[in-house]
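A quick write-up on the structure given underneath.
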Amino acid sequence: MTTDHHDNEQASAIDASKAERHKARQQKVKVGVDAKIAAAQEEKGILLVLTGNGKGKSTSGFGSVARAVGHGHKAAVVQFIKGSWACGERNLLEGVGVPFHVMGTGFTWDTQDKEKDTQAAMEAWLEAEKLLKDESINMVLLDELTYMVSYHYIELERVLTALKNRPAMQHVIITGRACHRDIIELADTVSEVQPIKHAFNDGIKAQLGFDY
């Protein structure tokens, strides 16, 4: 037997051993995953909170709305803060029947008028409360709602009451920074988006089709 042939046999044996160990690890993972799937049999409306200082919270929320609509479910969106500027997701989703209710005052640092902002926030929240009572709506996105609670434009207890009393199978997604701990406690799923880098901090402007 040549040295090269012997080396090839050793290499093949090592590869086979690695393959067997990998298969054993994956089988163990599968057993764990299958057990979790088998245990998770309850169906209910999920309250999802997307918070943190990183980019992508609203984008993720809109992605879930698109998924719901893709399955033939009814969804609705209430946008707090965003105002009247262009929104690509709204352009797309309104075209497939998703209603939008938009707080039209824009960013609070633009208006600098707390009374006006509070009134606009309440008008948008009244629409949200209607949706949160509507059993025909499968999913409601409350985009940037966290700011309305933080700024005391909308009472926390009013928000919690509406969320707790919504239809049993209705999913709700709340986005925005610094979500109140009581909303986080009530939520079923919470994801925190943290920034590593952001183009805006390097002087790159928000761009149509990517940022909005």
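Among the residues of the stretch 179-196, those that are out of contact with any strand residue (DSSP E or B) (no Cβ under 7 Å at 6 or more places or on another chain) and in contact (Cβ under 8 Å) with a residue 60 or more places away in the chain comprise Q194, P195, I196. Taking the listed residues F107, F100, the one that is open to solvent by less than 30 Å² (accessible area, probe 1.4 Å) and either modelled with pLDDT of 95 or more or within 20 Å of G176 (Cα to Cα) (or both) is F100, with no other qualifying. Restricting attention to the stretch 47-73, the residues being open to solvent by less than 10 Å² (accessible area, probe 1.4 Å) and charged (D, E, K, R) number 0.
The values are calculated or read from the model by the stated rules, or taken from the named source; none is laboratory data. Quick caveat: nothing in here was measured; it's all calculated off a predicted structure. No Cβ is skipped: glycine too gets one built from the backbone with ideal geometry, and neighbour counts run over all protein chains shown. These area figures cover heavy atoms from the full protein model, side chains too; ligands, DNA and RNA do not enter into them. Shrake-Rupley method; radii C 1.70, N 1.55, O 1.52, S 1.80 Å.
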